[in-house]
Amino acid sequence: MYSSLKSLLGALLISTVLSCSTPPKPKTLTLKEQIEVDTARARNLMSEFIDRVEFRQWDRAGLFFMRIAESLSKEAQDFPMQSLRVRVHVAQPPAGEGSYAFPGALISLPDTWVRSVDYENELAAVIAYQMAHLVRRSLAIHVEEQALSPVPLPPVLFGSGSVFEFHREERSSAIRLAVRMLYGAGYDTRGMASIFQRAPGLFGNPDSASFKKEVDFNIKEAQRASSELLPAIKPVVRSPEFIRFKKDLERMKS
């Protein structure tokens with residue numbers, strides 16, 4: 001009996017020691033909490049962007065974009081819409097014709113494209129794609145990887161080696177989520193493939209040798225994702241609000 005009791009006490013002691021030495025499991029963050037963390041990490045990068053570009057003061061355009069973003073966010077529950085802003089930058093270097101998204105804080109679109117877009121589902125597709133990259137943490141992961149590299153390098157914002165040069169897996173994941181966001185908001189999902197066809201410069205560096213190949217990849221991924229969803233009943237391509245928005249833009253000189 002003494003031997004059995006001794007064995008039991010020994011087992012309890014070992015169990016106690018092991019439980020004390022095992023580190024607690026890291027807390028699983030909600031989407032809102034994760035984007036808040038990512039926002040803090042990317043704050044300097046966003047500040048650099050704001051300092052280096054010129055923005056159009058198109059307040060009504062920003063409100064219209066935010067209504068679109070609100071409708072898209074239903075597919076990404078807990079997305080922190082209260083802190084997000086969608087703005088328009090002047091399409092000159094260094095930002096040029098690209099579109100950009102910073103966690104929880106800012107999506108920026110080039111003014112030349114905003115003026116030229118003819119279909120609301122394409123406008124919604126660009127916003128959805130950028131929101132999807134924020135949900136999938138594409139930019140945040142690139143910033144983390146560079147900070148943890150053996151020789152930490154400051155993240156490059158524009159040009160070759162930019163942190164916005166996403167890998168195929170990252171783009172595919174964002175495209176598929178963005179298509180679901182469009183579908184859930186009632187937009188024609190064909191707008192996703194269309195923006196890669198009609199305005200590829202929004203999403204990459206046209207001077208890259210592999211640019212056309214990567215654009216073709218994006219188009220195929222968007223078409224595949226759209227084909228997996230049943231067509232919506234009378235999906236939105238242009239709404240009366242979008243038509244009024246375009247007329248407002250025509251009256252703006254700057």
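Read-outs throughout are calculated quantities, based only on the coordinates presented, and are distinct from any laboratory measurement. Note that the structure is a prediction, hence the values are computed from the model and not measured. Using ideal geometry, Cβ is built from the backbone for each residue, glycine included, and neighbour counts are taken over all protein chains shown.
Here are the numbers for the structure shown:
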quantity	calculated
GluC sites (Glu not before Pro) restricted to segment 213-254 and DSSP loop, no more than 15 other C-beta within 10 Å	E228
Whole-number percent relative contact order across the chain, with pairs defined as alpha carbons under 8 Å at least 6 apart	19 percent
In degrees, nearest ten, helix 2-21 long axis to first principal axis of the chain (Cα)	30 degrees
Segment 27-251 shape via C-alpha gyration tensor axes, a/c threshold 1.5	rounded
Lysine pairs within segment 27-251, Cα separation less than 26 Å, 8 or more sequence positions apart or different chains	9
Separation of alpha-carbon centers, segment 32-58 and segment 171-231, rounded to whole Å	24 Å
Formal net charge of residues neighbouring Q82 (Cβ-Cβ distance under 12 Å; K, R +1; D, E -1)	-1
Helix-only CD estimate at 222 nm, as mean residue ellipticity for the chain, using -39500 (n - 2.57) per DSSP H run (n ≥ 4)	-18000 deg cm²/dmol
Longest DSSP-loop-exposure-free segment, trypsin sites (Lys or Arg not before Pro), the chain, at most 16 other Cβ within 10 Å	28-237
Computed lengthening from E48 to Q77, 0.36 nm per intervening residue step minus Cα-Cα distance	7.5 nm
Alpha carbon Rg of segment 16-140, scaled by the compact-globule rule 2.2 N^0.38 Å	1.28
Calculated FRET value between I243 and L153, using beta carbons and R₀ = 45 Å, to 0.05	0.45
